[in-house]
Amino acid sequence: MPSANRQNLNLVGIIGYPLDHSLSPLLHNTAFRSLRLPWHYQKFEVKPKELANCLAGVRAMGMRGLSVTIPHKEKVIRFLDRVTGAAAKIGAVNTIVNENGKLVGYNTDYLGFLSPLVRLLKPAKPLSVALLGAGGAARAVLFALFSHFRVWETLIFNRNQKRAAALARWAGRVARQEMQIHILRLLDASEEMRLADMDVIVNATPLGLYPKIKQMPVTSADVFRRGQIVYDLNYNPAETRLLREARRQKARTINGLEMLLGQGREAFRLWTGREMPVHQVRTSLTTHLNHHPGPHLADEE
Ligand code: NAP
């Protein structure tokens, strides 16, 4: 564990732009307080043109590290001394650790996504997965699934078919396993019937997020069934309409709070060398969300 006595070594924070509704300060500061660590996590709104100066400042001040969110996750890579294999393959860094003046980039989003799944699924089980959405989070989701499970079929549902095709090409390169990949249209009643055959369905679109809580990324709940896992990256509300419909059809459901906690836990361990007190942090975030159901940036993490 790094010494907390060296000046400024116990300061960490998040950079993004804009950065109004990040939950990460609450997550990490709750953890620091519960472990009585003399650390502080600060929000830094950094414009894209200031990114290089910002990282020079991290080095100059000896800050221990940063979380990175939109729009810096990809662009930050060129200013780092090294990125880990997973972050390089995903093409995005969400956590930076200052190792004696060298800035190392990690991707903990994919580990956060995996954390609730590894408790439910055996790695050897052949899986079919459907991803709803093809944006920034979708890559971390697919990388996580391919790195830990035997995925034999992947369906990508998206509104923008070009973006889905680019994601499918990337997935074909990183999968390292025999797999079929198909691209389908999101919210198309006939195409989405294929969801009924899938083992795991992941929502990586903002459909259903507060305040538009009546939306969902499927046209009918008939696609869900017992035995399926339905995972919504959104956590506000805690049970989105998608998860409610899936639960009513007896599917197992997971919300995005577990991914948020999981990525934070990995970042916390990288910076402090300590285990994050997940229970206390989960309670703190849940209480906050119950009292403030406003929009929150989910992928600052
Ligand atoms: P992104 O890069 O902006 O991608 C958004 C995706 O949603 C794209 O596929 C986009 O489709 C689709 N989409 C957006 N609005 C839509 C609409 N009105 N109708 C149909 N499709 C729509 O976002 P992201 O970073 O991937 O994040 C996706 C979601 O996951 C967000 O809600 C984010 O908050 C959440 N998230 C949660 C966590 C967590 O820790 N729990 C982490 C990361 C992300 P097009 O390509 O057609 O535009």
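Of the numbered criteria (1) under 20 Å from Asn290 (Cα atoms); (2) within 8 Å of the ligand (Cβ to nearest atom); (3) among the hydrophobic types (A, V, I, L, M, F, W, C), the one Leu242 fails is (2). Applying the condition of being within 21 Å of the chain's Cα centre (by Cα), among the charged types (D, E, K, R) and surrounded by fewer than 17 Cβ atoms within 10 Å (Cβ to Cβ) to region 38-81 and asking which residue is nearest to Asn107 (Cα to Cα) yields Glu74. Going by the structure shown, is Ser115 surrounded by fewer than 23 Cβ atoms within 10 Å (Cβ to Cβ) and either touching a Phe, Trp or Tyr at 6+ places or on another chain (Cβ under 8 Å) or over 21 Å from Leu261 (Cα atoms) (or both)? It is false that Ser115 is surrounded by fewer than 23 Cβ atoms within 10 Å (Cβ to Cβ) and either touching a Phe, Trp or Tyr at 6+ places or on another chain (Cβ under 8 Å) or over 21 Å from Leu261 (Cα atoms) (or both).
Looking at Ile156, Ile201, Ile183, just one residue is buried (at least 16 other Cβ atoms within 10 Å of the Cβ), within 15 Å of the ligand (Cβ to nearest atom), aliphatic (A, V, I, L, M) and over 22 Å from Pro123 (Cα atoms), and that residue is Ile183. Residues in region 238-284 that are more than 20 Å from Pro217 (Cβ to Cβ) and of a type in the set (Lys, Arg): 4 in all.
Tell me whether region 214-234 contains one or more residues that are hydrophobic (A, V, I, L, M, F, W, C), more than 16 Å from the ligand (Cβ to nearest atom) and surrounded by fewer than 18 Cβ atoms within 10 Å (Cβ to Cβ). Looking through region 214-234, at least one residue is hydrophobic (A, V, I, L, M, F, W, C), more than 16 Å from the ligand (Cβ to nearest atom) and surrounded by fewer than 18 Cβ atoms within 10 Å (Cβ to Cβ).
Taken together, the values in this text are just the output of simple stated rules run on the coordinates, not laboratory data. Just so you know, these numbers come straight off a predicted model, no measurement behind them. Methodologically, a virtual Cβ is constructed for each residue, glycine included, from the backbone with ideal geometry; neighbour enumeration extends over all protein chains shown.
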